[in-house]
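Structure record follows, encoded as C-alpha cells.
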Amino acid sequence: MTMRIVAASPSGRYEVRSHAWEVRMSHWIESPSIVDQQASAVVYAPQDASWSLEQARWESDSVVRLELRKYPGGKGMDAVLTIDCAARRARIDGREIPLAALDAALEKATD
C-alpha cells in the first residue's frame, strides 16, 4: 500500500492522504484519510475500504471538500461531502452531522 499526501490545508495543519491499493488487476482504490498534523491524529478515514478518493479541495484552513466513489463504481456510488476538521463535523446530502455518524451517512447515500 502506497501513501501519498493529496492536499494540505492552507496552514499545513491538516492533510488529506491517500493509501493506494490494488483491488484486482488494474483496479485501484485510493483510500482517503484526513490527518491533524498538530495533534498527530486521524480526523477521519472511512471504515469501509471500498471508498476511493476522487478529489480533495480545501475551502478554508479547516474545511475540506471530498469527492468519493465506492468501488466498483457505477450509478449512485458517488458521494460529495465537506468535513470541518476543527469542529469534527461533516456535511453530506445537505445535512450536517458529527464525524462519528459519517460512515452510516455514506452508506445511506449509496443505497
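The numbers here are math on the coordinates, done by the rules we state, and not lab data. Only a predicted model underlies this, so the values are computations on that prediction, with no experimental measurement involved. Reconstructed Cβ throughout: ideal geometry from the backbone, glycine too, with neighbour counts over all protein chains shown.
Observations
- Between amide H atoms placed 1.01 Å from N, distances below 5 Å from Gly73 occur with no residue 5 or more places distant or on a separate chain.
- Using a Förster distance of 41 Å, the FRET efficiency for Lys75-Arg13 (Cβ separation, nearest 0.05): 0.65
- For Pro98, neighbours were defined as the other residues whose beta-carbon sits under 12 Å from its Cβ, and their charges (Lys and Arg +1, Asp and Glu -1) total +1.
- Cut-off under 5 Å, modelled amide H: who pairs with Val23 long-range: Trp28, Ile29
- Short-range pairs are left out: with C-alpha atoms under 8 Å and at least six residues apart, the relative contact order of region 41-111 is 23 percent.
- Read-out mean projected area of the Cα convex hull in nm², derived from the coordinates shown; its label in (1) 7.9; (2) 6.3; (3) 6.8: (3)
- The phi-based Karplus calculation (6.51 cos²θ - 1.76 cosθ + 1.60; θ = phi - 60°) puts the 3J(HN,Hα) values of region 25-37 at 3, 6, 10, 10, 10, 9, 5, x, 8, 10, 10, 8, 5 Hz, whole numbers, x for Gly and Pro.
- About the Cα centre, charge dipole magnitude for region 8-93 (Lys/Arg +1, Asp/Glu -1 at Cβ), debye: 120 debye
- Positive minus negative residues near Glu54 (Lys, Arg vs Asp, Glu; Cβ under 9 Å): -2
- Placed amide H near Val43: partners under 5 Å, 5+ positions off or other chain: Ile34, Val35, Asp36
- Extension gain (nm, one decimal) between Ala87 and Asp111, 0.36 nm per residue minus Cα-Cα: 5.9 nm
- For the chain, modelled as a GNM whose springs connect Cα atoms under 10 angstrom apart, the maximal fluctuation among Ser18, Ser26, Ser40 occurs at Ser26.
- Counted by Cβ distance under 11 Å from Arg69, the other residues give a net charge of -3, where Lys and Arg count +1 and Asp and Glu count -1.
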